[in-house]
1. I want to confirm something. Restricting to the stretch 211-233 and keeping residues that are open to solvent by less than 10 Å² (accessible area, probe 1.4 Å) and within 24 Å of GLU264 (Cα to Cα), which single residue is farthest from the ligand (Cβ to nearest atom)?
2. Considering only residues that are within 16 Å of the ligand (Cβ to nearest atom) and not in a loop (DSSP other than H, G, I, E, B), which ones fall in the stretch 153-168?
3. Exactly one of (1) open to solvent by 70 Å² or more (accessible area, probe 1.4 Å); (2) touching a residue at least 24 places away in the same chain (Cβ under 8 Å) is unmet by ASN36. Its number?
4. Does LYS13 count as basic (Lys, Arg), under 28 Å from the mean Cα position of the chain (by Cα) and within 23 Å of GLU253 (Cβ to Cβ)?
5. Quick check: is even one residue across the stretch 289-311 β-branched (Val, Ile, Thr) and free of Cβ contacts under 8 Å to residues at least 24 places away in the same chain?
6. What pairs come up if the first residue lies in the stretch 1-29 and is surrounded by 13 or more Cβ atoms within 10 Å (Cβ to Cβ), the second is assigned to a loop (DSSP other than H, G, I, E, B), and their beta carbons are under 6 Å apart, counting only those six or more places apart or on different chains?
7. How many residues does the stretch 108-138 contain that are closer than 23 Å to GLY95 by Cβ and surrounded by fewer than 16 Cβ atoms within 10 Å (Cβ to Cβ)?
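The values are calculated or read from the model by the stated rules, or taken from the named source; none is laboratory data. Quick caveat: nothing in here was measured; it's all calculated off a predicted structure. Cβ coordinates were reconstructed from backbone atoms using ideal geometry, including for glycine residues, and neighbour counts include every protein chain displayed. What goes into the accessible areas is simple: the full protein's heavy atoms, side chains included, and nothing from ligands, DNA or RNA. Shrake-Rupley method; radii C 1.70, N 1.55, O 1.52, S 1.80 Å.
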Amino acid sequence: MFNLDTLVRENIKRLVPYSTARDEFKGEASIFLDANENNFGSPLPVNYNRYPDPMQWQLKYKIADIKGVPPQNIFIGHGSDEAIDVLYRSFVNPGVDNVILCPPTYGMYEVSAHINDAIIRKVTLTEDFQLDIPALQQAIDENTKLIFICSPNNPTGNSINRSDIELLLNNFDGIVVIDEAYINFSRQKTFIQELTEYPNLVVLQTLSKAWGLAGLRIGMAFASEDIVNTFNKVKPPYNISQATNELALQALENVNQVNEWIREIVIERDLLSGALLQLPEVLHIYPSDASFILVKTTDAKGIYNYLIEQGIVVRDRSKVELCMGCLRITIGTPAENLRLLHVLKSFNLKTATTASA
Ligand SMILES: *Cc1c(COP(=O)(O)O)cnc(C)c1O
């Protein structure tokens, strides 16, 4: 049986969270002398002299409206990376509890595990990059607090089978974290509508990818109100700055622009995949539900270096488990993708000339 109370670390349950000046006085007033702000203003064209809302309610209402999830079920972090860290600090007793990761996957789950001294259990994905359910069942024990599932997965690009995720949600008494950083590009539907169904579900999303706001650092966790309240106790009080808040609110008015980009990126993803497959150095393109493709090549290191010489940087993933020979390529603008193809065509000429020389 899932029981959040037994899952949360004892020190976090006992924790009396920091009480801000705005927690202690919420009413209207004309003179605020309670927070040691500088009441003269800021040395900028716009004033940032007041502390921001620790709970980011305005932003949460806006996100709630777009996502169709109540604002009380939303946690906003300084990037998803903060949400990942807060998950560890809320649930995982350092040196005692374990977390299950399914490589090849996003690197921050492991880094954050090390920072928080979580015991890591790795259950490698199957050859077709799906969950190995029998191995997961083996790996789970009474100290397993979190299972991270990235869907669509980075760096492989595929979505994880929904029925496998549901199996875990129904049978695992710890927290199932589904990282949906690339959900906007996916044919699969999000899990954020399932929060009422699964008390052990935490869905991560971000404004860094489809929304084009990686520099602002805004990540979101969608979860039960009890889980969100736990995260709110653990997070630094003012984790989202006033400037970030205002810019994000402005950006969230432009859903149409973002949807247009998503359509274009998906079209470009298919065009680029088709064109790359014509090249002799390309062995395979893995089906992608994300804004990047994983490309199996004859010579990952050689192609990587050749592209760098031509001013194009991709990600060499060839040292990663199950990704031998693979490069991860972000879908660029149409002009960037054409340039990439053009350069890759001459890679083969280059190797042909060296071979005959
Ligand atoms: C890019 C990415 C993120 C986003 O992290 P932010 O901290 O929100 O920028 C999260 N998860 C995965 C799998 C990613 O690839």
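1. ILE218
2. If the condition is that a residue be within 16 Å of the ligand (Cβ to nearest atom) and not in a loop (DSSP other than H, G, I, E, B), then ILE165 is the only one that fits.
3. (2)
4. So LYS13 fails the test.
5. Taking every residue of the stretch 289-311 in turn, at least one turns out to be β-branched (Val, Ile, Thr) and free of Cβ contacts under 8 Å to residues at least 24 places away in the same chain.
6. If the second residue must be assigned to a loop (DSSP other than H, G, I, E, B), the pairs left are PHE2/ASP173; PHE2/PRO199; PHE2/ASN200; ARG9/ASN93; THR20/PRO54; THR20/PRO237; ALA21/ASP34; ALA21/ALA35.
7. Residues flagged as closer than 23 Å to GLY95 by Cβ and surrounded by fewer than 16 Cβ atoms within 10 Å (Cβ to Cβ) within the stretch 108-138 amount to 7.
The rows are residues; the columns are (1) over 26 Å from LEU167 (Cβ atoms); (2) touching a Ser or Thr at 6+ places or on another chain (Cβ under 9 Å).
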position: PHE185; (1), (2): no, yes
position: LYS209; (1), (2): yes, yes
position: VAL228; (1), (2): no, no
position: LEU249; (1), (2): yes, no
position: VAL266; (1), (2): yes, yes
position: ALA275; (1), (2): yes, no
position: SER288; (1), (2): no, yes
